[in-house]
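Here is the structure we will look at.
The values are calculated or read from the model by the stated rules, or taken from the named source; none is laboratory data. Just so it is clear, the model here is predicted, and its values are computed rather than measured. Note that we place each Cβ from the backbone using ideal geometry, even for glycine, and neighbour counts take in every protein chain shown. All accessible areas refer to the heavy atoms of the entire protein, side chains included, with ligands and DNA or RNA removed. Shrake-Rupley method; radii C 1.70, N 1.55, O 1.52, S 1.80 Å.
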Amino acid sequence: MSRLWCAHVSADTLNGIDLHCHSTASDGTLTPKAVVARALEQGVRVLALTDHDSIGGLAEAATAADMSGLKLVKGVEISVTWEGQLFHIIGLGIDPANEALQTGIEMLRRRRDGRGSAMAAGLAALGVPEPLAGARRQQTTNILSRTHFARHLVATGFAATVEEAILQLLVPGKPGYVHVEWATLDEAVGWIRAAGGDAVIAHPGRYRLETQQRERLVDAFMAAGGMGIEVVCGRMADDHIATYSELALRRGLRASLGSDFHEPGTGIEIGRLAALPDALQPVWKARDWAPT
Ligand code: AMP
Ligand code: MN
Ligand code: MN
Ligand code: MN
(Lines give C-alpha, C1' and ligand atoms only; values in the text may rest on other atoms or scores of the structure.)
(Ligands and ions follow the chains in the order given, each with its own letter.)
Protein backbone atom coordinates (compact mmCIF):
# COMPACT_ATOMS: atom_id res chain seq x y z
CA MET A 1 0.00 0.00 0.00
CA SER A 2 1.32 3.43 -0.91
CA ARG A 3 2.25 5.71 1.97
CA LEU A 4 1.32 8.73 -0.10
CA TRP A 5 -1.42 9.87 2.27
CA CYS A 6 0.57 9.61 5.44
CA ALA A 7 2.75 12.61 4.67
CA HIS A 8 0.46 15.35 5.94
CA VAL A 9 -1.22 13.56 8.78
CA SER A 10 -0.48 14.57 12.30
CA ALA A 11 -2.64 13.95 15.33
CA ASP A 12 -4.59 16.84 16.82
CA THR A 13 -4.17 19.09 13.83
CA LEU A 14 -6.65 21.95 13.88
CA ASN A 15 -7.69 22.43 10.29
CA GLY A 16 -10.83 24.43 10.72
CA ILE A 17 -13.40 21.95 9.42
CA ASP A 18 -15.56 19.40 11.18
CA LEU A 19 -18.43 17.69 9.36
CA HIS A 20 -19.93 15.53 12.14
CA CYS A 21 -21.19 16.60 15.56
CA HIS A 22 -24.21 16.45 17.84
CA SER A 23 -26.33 18.79 19.93
CA THR A 24 -29.28 18.55 22.30
CA ALA A 25 -31.41 18.03 19.18
CA SER A 26 -30.34 14.36 19.55
CA ASP A 27 -27.88 12.92 22.09
CA GLY A 28 -25.38 15.74 22.56
CA THR A 29 -25.30 17.82 25.73
CA LEU A 30 -24.74 21.29 24.23
CA THR A 31 -27.48 23.29 22.56
CA PRO A 32 -27.01 23.97 18.83
CA LYS A 33 -26.06 27.56 19.70
CA ALA A 34 -23.45 26.35 22.21
CA VAL A 35 -22.05 23.86 19.68
CA VAL A 36 -21.50 26.71 17.21
CA ALA A 37 -19.88 28.85 19.91
CA ARG A 38 -17.58 26.01 20.92
CA ALA A 39 -16.64 25.35 17.29
CA LEU A 40 -15.66 29.01 16.87
CA GLU A 41 -13.55 28.82 20.04
CA GLN A 42 -11.81 25.78 18.58
CA GLY A 43 -10.94 27.62 15.35
CA VAL A 44 -13.52 25.77 13.24
CA ARG A 45 -14.77 27.76 10.26
CA VAL A 46 -16.87 25.09 8.51
CA LEU A 47 -19.09 22.99 10.76
CA ALA A 48 -21.78 20.42 9.97
CA LEU A 49 -24.33 19.77 12.69
CA THR A 50 -25.43 16.16 12.14
CA ASP A 51 -27.89 15.08 14.79
CA HIS A 52 -29.22 11.53 14.83
CA ASP A 53 -32.42 11.26 12.78
CA SER A 54 -33.12 14.94 13.49
CA ILE A 55 -32.95 18.29 11.75
CA GLY A 56 -34.44 20.02 14.80
CA GLY A 57 -31.25 21.88 15.78
CA LEU A 58 -30.38 23.33 12.38
CA ALA A 59 -32.38 26.56 12.54
CA GLU A 60 -30.88 27.54 15.91
CA ALA A 61 -27.38 26.61 14.71
CA ALA A 62 -27.83 28.59 11.49
CA THR A 63 -28.93 31.67 13.42
CA ALA A 64 -25.95 31.34 15.75
CA ALA A 65 -23.58 30.91 12.82
CA ASP A 66 -24.99 33.87 10.90
CA MET A 67 -22.42 36.70 10.72
CA SER A 68 -20.08 34.76 13.04
CA GLY A 69 -17.50 33.81 10.44
CA LEU A 70 -18.48 30.14 10.71
CA LYS A 71 -20.14 28.39 7.77
CA LEU A 72 -22.83 26.05 8.99
CA VAL A 73 -23.40 23.00 6.81
CA LYS A 74 -26.87 21.63 7.46
CA GLY A 75 -26.55 17.94 8.19
CA VAL A 76 -28.15 14.84 9.65
CA GLU A 77 -26.97 11.37 10.71
CA ILE A 78 -29.49 8.74 9.65
CA SER A 79 -29.82 5.32 11.29
CA VAL A 80 -29.79 2.51 8.71
CA THR A 81 -30.14 -1.25 8.91
CA TRP A 82 -28.18 -3.09 6.23
CA GLU A 83 -27.63 -6.86 6.29
CA GLY A 84 -29.00 -6.84 9.85
CA GLN A 85 -26.46 -4.37 11.21
CA LEU A 86 -26.75 -0.71 12.24
CA PHE A 87 -24.99 1.82 10.04
CA HIS A 88 -24.92 5.60 10.23
CA ILE A 89 -25.21 7.63 7.04
CA ILE A 90 -24.41 11.34 7.21
CA GLY A 91 -26.21 13.80 4.97
CA LEU A 92 -24.33 17.04 4.26
CA GLY A 93 -25.76 20.20 2.72
CA ILE A 94 -29.40 19.16 3.12
CA ASP A 95 -32.47 21.36 2.84
CA PRO A 96 -34.37 20.83 6.11
CA ALA A 97 -37.62 21.88 4.41
CA ASN A 98 -37.57 18.80 2.15
CA GLU A 99 -40.66 16.69 2.74
CA ALA A 100 -39.18 13.29 1.88
CA LEU A 101 -36.44 13.84 4.44
CA GLN A 102 -38.86 15.15 7.05
CA THR A 103 -41.25 12.21 6.61
CA GLY A 104 -38.42 9.70 6.67
CA ILE A 105 -36.80 10.90 9.86
CA GLU A 106 -40.17 11.28 11.59
CA MET A 107 -40.70 7.55 10.92
CA LEU A 108 -37.33 6.82 12.58
CA ARG A 109 -38.16 9.07 15.52
CA ARG A 110 -41.31 7.03 16.18
CA ARG A 111 -39.32 3.79 15.97
CA ARG A 112 -36.99 5.21 18.63
CA ASP A 113 -39.96 5.79 20.93
CA GLY A 114 -41.21 2.24 20.36
CA ARG A 115 -37.74 0.83 21.03
CA GLY A 116 -37.51 2.82 24.27
CA SER A 117 -40.41 0.97 25.84
CA ALA A 118 -38.96 -2.40 24.88
CA MET A 119 -35.49 -1.43 26.16
CA ALA A 120 -37.01 -0.34 29.46
CA ALA A 121 -38.50 -3.81 29.98
CA GLY A 122 -35.08 -5.43 29.60
CA LEU A 123 -33.43 -2.95 31.95
CA ALA A 124 -36.19 -3.20 34.57
CA ALA A 125 -35.54 -6.94 34.70
CA LEU A 126 -31.95 -6.11 35.71
CA GLY A 127 -33.21 -3.96 38.57
CA VAL A 128 -32.61 -0.57 36.95
CA PRO A 129 -35.00 1.88 38.61
CA GLU A 130 -37.48 3.72 36.37
CA PRO A 131 -35.63 2.92 33.14
CA LEU A 132 -37.98 4.71 30.76
CA ALA A 133 -38.79 7.70 32.97
CA GLY A 134 -35.09 8.02 33.80
CA ALA A 135 -34.05 8.00 30.15
CA ARG A 136 -36.81 10.49 29.36
CA ARG A 137 -35.37 12.81 32.02
CA GLN A 138 -32.02 12.69 30.19
CA GLN A 139 -33.70 13.31 26.83
CA THR A 140 -33.42 16.91 25.65
CA THR A 141 -35.71 17.12 22.60
CA ASN A 142 -37.96 14.65 20.77
CA ILE A 143 -35.23 12.08 20.02
CA LEU A 144 -34.84 9.21 22.48
CA SER A 145 -31.38 7.65 22.19
CA ARG A 146 -29.51 4.78 23.79
CA THR A 147 -27.22 7.54 25.04
CA HIS A 148 -30.10 8.82 27.23
CA PHE A 149 -30.57 5.34 28.69
CA ALA A 150 -26.81 5.16 29.20
CA ARG A 151 -26.79 8.49 31.07
CA HIS A 152 -29.56 7.18 33.32
CA LEU A 153 -27.53 4.00 33.92
CA VAL A 154 -24.56 6.16 34.97
CA ALA A 155 -26.80 8.32 37.19
CA THR A 156 -28.13 5.20 38.94
CA GLY A 157 -24.72 3.59 39.39
CA PHE A 158 -25.16 0.77 36.86
CA ALA A 159 -22.15 1.97 34.86
CA ALA A 160 -19.21 4.31 35.37
CA THR A 161 -19.39 6.02 31.97
CA VAL A 162 -21.84 6.40 29.09
CA GLU A 163 -19.60 4.33 26.85
CA GLU A 164 -19.36 1.54 29.44
CA ALA A 165 -23.15 1.56 29.86
CA ILE A 166 -23.62 1.20 26.11
CA LEU A 167 -21.00 -1.51 25.63
CA GLN A 168 -22.00 -3.52 28.73
CA LEU A 169 -25.77 -3.26 28.48
CA LEU A 170 -27.09 -1.70 25.26
CA VAL A 171 -25.38 -3.40 22.31
CA PRO A 172 -26.44 -6.64 20.54
CA GLY A 173 -26.33 -9.60 22.92
CA LYS A 174 -26.79 -7.43 26.03
CA PRO A 175 -29.98 -7.25 28.13
CA GLY A 176 -30.91 -3.67 27.22
CA TYR A 177 -30.51 -4.15 23.47
CA VAL A 178 -33.56 -4.15 21.24
CA HIS A 179 -33.25 -4.66 17.50
CA VAL A 180 -34.93 -2.09 15.26
CA GLU A 181 -35.20 -2.06 11.49
CA TRP A 182 -34.11 1.49 10.77
CA ALA A 183 -34.13 3.02 7.28
CA THR A 184 -32.83 0.97 4.37
CA LEU A 185 -29.64 2.21 2.74
CA ASP A 186 -31.67 3.18 -0.34
CA GLU A 187 -34.15 5.14 1.77
CA ALA A 188 -31.54 7.04 3.76
CA VAL A 189 -29.42 7.99 0.75
CA GLY A 190 -32.61 8.75 -1.20
CA TRP A 191 -33.91 11.18 1.45
CA ILE A 192 -30.54 12.91 1.67
CA ARG A 193 -30.34 13.31 -2.09
CA ALA A 194 -33.96 14.42 -2.35
CA ALA A 195 -33.04 17.16 0.13
CA GLY A 196 -30.12 18.22 -2.07
CA GLY A 197 -27.47 16.72 0.20
CA ASP A 198 -24.52 14.37 -0.19
CA ALA A 199 -24.46 11.03 1.63
CA VAL A 200 -21.39 9.89 3.56
CA ILE A 201 -20.70 6.63 5.43
CA ALA A 202 -20.01 7.64 9.05
CA HIS A 203 -17.17 6.20 11.18
CA PRO A 204 -16.53 3.17 8.93
CA GLY A 205 -14.18 1.61 11.48
CA ARG A 206 -17.07 1.12 13.91
CA TYR A 207 -18.83 -1.64 11.92
CA ARG A 208 -18.09 -5.34 11.96
CA LEU A 209 -17.58 -6.10 8.30
CA GLU A 210 -15.66 -8.82 6.58
CA THR A 211 -13.62 -7.64 3.61
CA GLN A 212 -16.09 -8.81 0.97
CA GLN A 213 -19.02 -7.43 2.92
CA ARG A 214 -17.37 -4.04 3.14
CA GLU A 215 -16.99 -3.97 -0.62
CA ARG A 216 -20.67 -4.97 -0.93
CA LEU A 217 -21.63 -2.13 1.38
CA VAL A 218 -19.76 0.31 -0.85
CA ASP A 219 -21.44 -1.23 -3.93
CA ALA A 220 -24.90 -0.79 -2.39
CA PHE A 221 -24.12 2.66 -1.04
CA MET A 222 -22.85 3.92 -4.40
CA ALA A 223 -25.70 2.29 -6.31
CA ALA A 224 -28.07 4.21 -4.02
CA GLY A 225 -26.28 7.45 -4.90
CA GLY A 226 -23.93 7.72 -1.91
CA MET A 227 -20.75 9.70 -2.46
CA GLY A 228 -18.39 9.80 0.50
CA ILE A 229 -16.84 8.14 3.53
CA GLU A 230 -15.30 9.47 6.75
CA VAL A 231 -11.59 8.94 6.29
CA VAL A 232 -10.77 10.96 9.40
CA CYS A 233 -12.76 10.54 12.63
CA GLY A 234 -12.43 11.91 16.16
CA ARG A 235 -11.69 8.46 17.55
CA MET A 236 -10.13 5.91 15.23
CA ALA A 237 -7.68 3.03 15.06
CA ASP A 238 -4.07 3.75 14.03
CA ASP A 239 -4.59 2.32 10.55
CA HIS A 240 -7.96 4.03 9.95
CA ILE A 241 -6.76 6.81 7.65
CA ALA A 242 -4.65 4.46 5.55
CA THR A 243 -7.41 1.86 5.31
CA TYR A 244 -10.19 4.22 4.29
CA SER A 245 -7.99 6.41 2.07
CA GLU A 246 -7.18 3.28 0.10
CA LEU A 247 -10.87 2.37 -0.08
CA ALA A 248 -11.91 5.89 -1.08
CA LEU A 249 -9.29 6.13 -3.83
CA ARG A 250 -9.94 2.65 -5.18
CA ARG A 251 -13.73 2.93 -5.16
CA GLY A 252 -14.05 6.59 -6.19
CA LEU A 253 -15.56 7.77 -2.93
CA ARG A 254 -15.00 11.30 -1.71
CA ALA A 255 -13.48 11.83 1.72
CA SER A 256 -15.04 13.45 4.76
CA LEU A 257 -13.82 14.20 8.26
CA GLY A 258 -15.71 14.64 11.50
CA SER A 259 -15.16 14.44 15.22
CA ASP A 260 -18.56 12.97 16.22
CA PHE A 261 -18.46 15.36 19.18
CA HIS A 262 -21.29 14.79 21.69
CA GLU A 263 -20.25 16.47 24.94
CA PRO A 264 -17.31 18.22 26.57
CA GLY A 265 -14.88 16.27 28.71
CA THR A 266 -14.76 12.96 26.82
CA GLY A 267 -11.48 13.54 24.98
CA ILE A 268 -13.28 14.14 21.68
CA GLU A 269 -13.31 17.82 20.75
CA ILE A 270 -14.94 19.73 17.90
CA GLY A 271 -12.46 20.33 15.08
CA ARG A 272 -9.61 18.44 16.68
CA LEU A 273 -8.90 16.20 13.72
CA ALA A 274 -6.08 14.99 11.56
CA ALA A 275 -6.01 16.60 8.11
CA LEU A 276 -7.44 14.77 5.12
CA PRO A 277 -4.66 13.35 2.97
CA ASP A 278 -4.05 15.52 -0.09
CA ALA A 279 -4.48 12.64 -2.53
CA LEU A 280 -8.22 12.39 -1.75
CA GLN A 281 -11.15 14.26 -3.22
CA PRO A 282 -12.89 16.00 -0.33
CA VAL A 283 -16.68 15.95 -0.02
CA TRP A 284 -16.79 19.72 -0.24
CA LYS A 285 -15.42 19.83 -3.78
CA ALA A 286 -17.85 21.91 -5.85
CA ARG A 287 -19.88 22.79 -2.76
CA ASP A 288 -20.50 26.39 -1.78
CA TRP A 289 -19.36 25.55 1.75
CA ALA A 290 -15.88 24.53 0.66
CA PRO A 291 -13.31 25.86 3.14
CA THR A 292 -11.42 28.91 1.89
P1 AMP B 1 -28.99 5.15 19.19
O2 AMP B 1 -28.78 5.99 17.97
O3 AMP B 1 -30.12 5.63 20.03
O4 AMP B 1 -29.06 3.69 18.92
O5 AMP B 1 -27.75 5.42 20.15
C6 AMP B 1 -26.46 5.03 19.83
C7 AMP B 1 -25.50 6.10 20.36
O8 AMP B 1 -24.65 5.53 21.34
C9 AMP B 1 -24.56 6.55 19.28
O10 AMP B 1 -25.09 7.63 18.60
C11 AMP B 1 -23.34 6.99 20.05
O12 AMP B 1 -23.51 8.30 20.47
C13 AMP B 1 -23.37 6.13 21.26
N14 AMP B 1 -22.31 5.10 21.23
C15 AMP B 1 -21.12 5.21 21.81
N16 AMP B 1 -20.37 4.13 21.62
C17 AMP B 1 -21.10 3.28 20.90
C18 AMP B 1 -20.88 1.97 20.38
N19 AMP B 1 -19.73 1.32 20.55
N20 AMP B 1 -21.87 1.41 19.68
C21 AMP B 1 -23.02 2.05 19.48
N22 AMP B 1 -23.28 3.29 19.95
C23 AMP B 1 -22.33 3.90 20.65
MN1 MN C 1 -24.72 9.63 19.34
MN1 MN D 1 -22.74 7.58 14.49
MN1 MN E 1 -22.50 10.84 15.26
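Go through segment 81-120 and give me each residue that's among the aliphatic types (A, V, I, L, M), away from ligand 3 (no atom under 14 Å from the Cβ) and farther than 16 Å from A199 by Cα.
Across segment 81-120, the qualifying residues are A97, M107, A118, M119, A120.
Let me spell it out: the conditions are (1) under 19 Å from the mean Cα position of the chain (by Cα); (2) of a type in the set (D, E, K, R); (3) surrounded by fewer than 22 Cβ atoms within 10 Å (Cβ to Cβ), and E99 meets all of them except one. Which number is the exception?
E99 satisfies every listed condition except (1).
Please determine whether any residue of segment 266-282 is open to solvent by 30 Å² or more (accessible area, probe 1.4 Å), touching a residue at least 60 places away in the same chain (Cβ under 8 Å), in a loop (DSSP other than H, G, I, E, B) and farther than 27 Å from T147 by Cα.
yes
Filter segment 165-194 down to residues that are among the polar types (S, T, N, Q) and under 17 Å from the mean Cα position of the chain (by Cα), then give me how many there are.
1
Within segment 54-84, how many residues are within 11 Å of ligand 4 (Cβ to nearest atom) and of a type outside the set (A, V, I, L, M, F, W, C)?
3
Collect the residues in segment 77-95 that are in contact with a strand residue (DSSP E or B) (Cβ under 7 Å, 6 or more places away or on another chain) and open to solvent by 30 Å² or more (accessible area, probe 1.4 Å), keeping them in residue-number order.
Matches in segment 77-95: L86 only.
Being more than 16 Å from ligand 4 (Cβ to nearest atom) and in a strand (DSSP E or B) is the filter; apply it to segment 219-260 and report the residue that is farthest from L19 (Cα to Cα).
R254
Wholly within segment 96-191, which helices (runs of 4 or more DSSP H) include no fewer than the required count, namely at least 2 residues that are touching a Leu at 6+ places or on another chain (Cβ under 7 Å)?
Hits in segment 96-191: 99-125, 131-138, 146-155.
Of everything in segment 29-66, what is farther than 22 Å from R287 by Cβ, touching an Asp or Glu at 6+ places or on another chain (Cβ under 6 Å) and in a loop (DSSP other than H, G, I, E, B)? Give them in sequence order.
Scanning segment 29-66 gives a single hit, T29.
Filter segment 161-200 down to the residues that are at positive phi and free of Cβ contacts under 8 Å to residues at least 40 places away in the same chain and list them by number.
G173
For residues that are out of contact with any Ser or Thr (no Cβ under 7 Å at 6 or more places or on another chain) and among the hydrophobic types (A, V, I, L, M, F, W, C), scanning just segment 64-79, find the one that is farthest from ligand 3 (Cβ to nearest atom).
Here the answer is M67.
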